[in-house]
Amino acid sequence: MAQNGGAGPVRAHRLTALLLFSVTGAWLQLQQAELWPLWAYAFCVLLGAVALVLGWRVPPRLGAWLVALGAAALLFGLTGARAVWQADQVLAPGLQGQDIELTGTVASLPRRGEQGWAFDFEVQNARSHGRDVAVPQRVRLSWRMVDDEPEATKVRPGQRWRWTVRLRRPHGLFNPHGFDTELWMWEQGLGATGYVKAGRKAAPPQLLEQTWAYPVEQARQWARDALLARVKDERAAGVMVALLAGDQASITQDDWNTFRLTGVAHLVSVSGTHVTMFATLAVWLVGGLWRALARARPALLWRVPVPVAAGVGGVALATFYALFAGWGVPAQRTVLMLATLVALRLSARRWPWPMVWLLAMNAVVCLDPWALLQPGFWLNFVAVGVLFASAWSVVDGTGGWRMRLWELLRTQAVVTVALAPLTLLLFGQVSLVGLLANLVAIPWVTLLVTPLAMLGVLLPWLWTPGAWAVQAMLHVLQAMAAWPGAAMER
């Protein structure tokens, strides 16, 4: 432990207590059946801050306990205070089911669903019965629209609209081993859901103007529409849109079933695993490009070594990809985790891997404490922990292609075997062909399909070979899914 960034064992013990019990404090708050008053959480924050300060000043044994108590109290209070604030943003019960005139801006990529087009709406003004009313700043709306409506009336990001809606407080079904809709809306900061009223009894929706707001969302819609218009195979187009713009609505239910049975659903949902694999590819590419540039200008290596350029470039490209793919909560967590790991590596501090693992977990929990309730959070960090424990190292863009290929295969094998019991526990199903399917699908999607989908934005003709690659992958995965005993359920 003496290598812990130059700190001695005493400091290392206190730092370990800080990292471990801060996560524990956030987790304890999430177990509360009811929220406390805000002043109670503020007191916990104050108590935690005092305990942390004292913990670094008193004798070692007492100091470690004070640091542990302070970290737990601090994160408990901060998480609770955030929950109180967010609970105050939820729609007032008295406004449920009322006709409300909303004026605001479309704030997300509209997605086709069973209830029509669904999208986030940033509210600028709300009126009911001729008076202003207070509604959440961000709500989730659906609008039943038909395909033959004029293009000018179809909702797009950045548009300002005025329409009559009916809202309700966030509510969703939560099936065992299924998706928790209400938790997802809470994490997204959505204070209400509702639908746009259209018909004789409601004022017609008014498109006020197209603004430059939410440019990334506008670019995502342009890319999605262009790809769907270019690729005629709906199944292939659905997968490519999911990889390019993070919109999974066009993937057929049969294909989703195939992905689940073969254990590759994470590849088309822009999950943490997908962003990590993209970042790894970006590190390799940036590292190779930097070495090539350094041959012409050797001074570059003195100013910015290959590991620095590869690490920073990889995280930057992964961040851009996560943003363009929708900046979902799993992608946010993964980008933050990768940035933490790269920053620690580039700082030249040699921390033991359990502390690096805890530091990355703390960074994610501080950003999104409710991630502790998500199965994906635990799958991500168990996978990272297993890789650390099995002597896996962060790729820095060096080494030959054989070593990189071997590392990819080894990584996937270790993670698949290690996560199988946890996957069965959390989701009630585990793919028995997942190891083989992922060994095929991960390099195929990461090295071929995703680059073709992204490069197609600049060269649209590349979407055609990208669709061929998706068709070939679907054919192989369907064959694997049809094998007897492809998946095990409990």
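The values are calculated or read from the model by the stated rules, or taken from the named source; none is laboratory data. Just so it is clear, the structure is predicted and the values come from calculations on it, not from any experiment. Note that each Cβ is placed from the backbone with ideal geometry, even for glycine, and that neighbours are counted across all protein chains shown.
Residue-by-condition table, conditions (1) assigned by TED's automatic domain parsing to the domain that holds Ala363; (2) assigned to a loop (DSSP other than H, G, I, E, B); (3) more than 30 Å from Glu34 (Cβ to Cβ); (4) within 25 Å of the chain's Cα centre (by Cα):
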| position | (1), (2), (3), (4) |
| --- | --- |
| Ala73 | no, no, no, no |
| Leu78 | no, no, no, yes |
| Arg82 | no, no, no, yes |
| Leu102 | no, no, yes, no |
| Ala134 | no, yes, no, no |
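Given the options Phe324, Phe381, Phe377, Phe320, name the one that is out of contact with any Cys (no Cβ under 7 Å at 6 or more places or on another chain), aromatic (Phe, Trp, Tyr) and surrounded by fewer than 19 Cβ atoms within 10 Å (Cβ to Cβ). I'd like the intermediate steps shown before the answer.
Numbers: Phe324 fails: surrounded by fewer than 19 Cβ atoms within 10 Å (Cβ to Cβ); Phe381 fails: surrounded by fewer than 19 Cβ atoms within 10 Å (Cβ to Cβ); Phe377 fails: surrounded by fewer than 19 Cβ atoms within 10 Å (Cβ to Cβ).
Of the residues listed, the single one that is out of contact with any Cys (no Cβ under 7 Å at 6 or more places or on another chain), aromatic (Phe, Trp, Tyr) and surrounded by fewer than 19 Cβ atoms within 10 Å (Cβ to Cβ) is Phe320.
The set of residues from segment 388-408 being under 22 Å from Leu477 (Cβ atoms) and either surrounded by 13 or more Cβ atoms within 10 Å (Cβ to Cβ) or at pLDDT 70 or above (or both) comprises just one member, Leu408. The set of residues in segment 31-68 that are in contact with a helix residue (DSSP H, G or I) (Cβ under 7 Å, 6 or more places away or on another chain) and over 29 Å from Asp88 (Cβ atoms) comprises Leu54, Gly55, Trp56, Val58, Pro60, Gly63, Ala64, Leu66, Val67, Ala68. What are the residues in segment 215-254 that are of a type in the set (Val, Ile, Thr) and under 20 Å from Phe320 (Cβ atoms), if any? Val216, Val241 - these are the residues of segment 215-254 that are of a type in the set (Val, Ile, Thr) and under 20 Å from Phe320 (Cβ atoms).
In a residue-by-residue description of segment 298-320, the property of being over 20 Å from Leu75 (Cα atoms), aromatic (Phe, Trp, Tyr) and part of a helix (DSSP H, G or I) applies to at least one position. When segment 74-108 is limited to residues that are surrounded by 14 or more Cβ atoms within 10 Å (Cβ to Cβ) and among the small types (Gly, Ala, Ser), the one that is farthest from Leu28 (Cα to Cα) turns out to be Gly104.
Among the residues making up segment 30-65, those that are in contact (Cβ under 8 Å) with a residue 40 or more places away in the chain, part of a helix (DSSP H, G or I) and under 22 Å from Trp370 (Cβ atoms) are Leu30, Leu38, Ala40, Tyr41. For first residues located in segment 82-110 and under 22 Å from Cys366 (Cα atoms), partners that are part of a strand (DSSP E or B) and of a type in the set (Ser, Thr, Tyr) and lie 6+ apart or on another chain with Cβ distances below 7 Å do not occur.
Scanning segment 341-367 for residues that are part of a loop (DSSP other than H, G, I, E, B) and surrounded by fewer than 18 Cβ atoms within 10 Å (Cβ to Cβ) yields Ser347, Ala348, Arg349, Arg350, Pro352. Selection within segment 109-135: residues that are modelled with pLDDT under 95 and polar (S, T, N, Q). The member of this set that is surrounded by the most Cβ atoms within 10 Å (Cβ to Cβ) is Ser128. On the given criteria, is Ala229 among the small types (Gly, Ala, Ser), surrounded by fewer than 24 Cβ atoms within 10 Å (Cβ to Cβ), touching a residue at least 40 places away in the same chain (Cβ under 8 Å) and out of contact with any helix residue (DSSP H, G or I) (no Cβ under 6 Å at 6 or more places or on another chain)? Answer is no for this residue. Val342 falls short on exactly one of the conditions (1) aliphatic (A, V, I, L, M); (2) modelled with pLDDT of 80 or more; (3) under 26 Å from Val440 (Cα atoms), and that condition is (3). On inspection, Ala339 passes the criterion of being in contact (Cβ under 8 Å) with a residue 12 or more places away in the chain and either touching a Cys at 6+ places or on another chain (Cβ under 6 Å) or over 14 Å from Leu19 (Cβ atoms) (or both). Considering Ala33, Ala7, the condition of being crowded, with 16+ Cβ neighbours inside 10 Å, more than 19 Å from Asn362 (Cα to Cα) and either at pLDDT below 95 or in contact with a Phe, Trp or Tyr (Cβ under 8 Å, 6 or more places away or on another chain) (or both) is satisfied by Ala7 alone.
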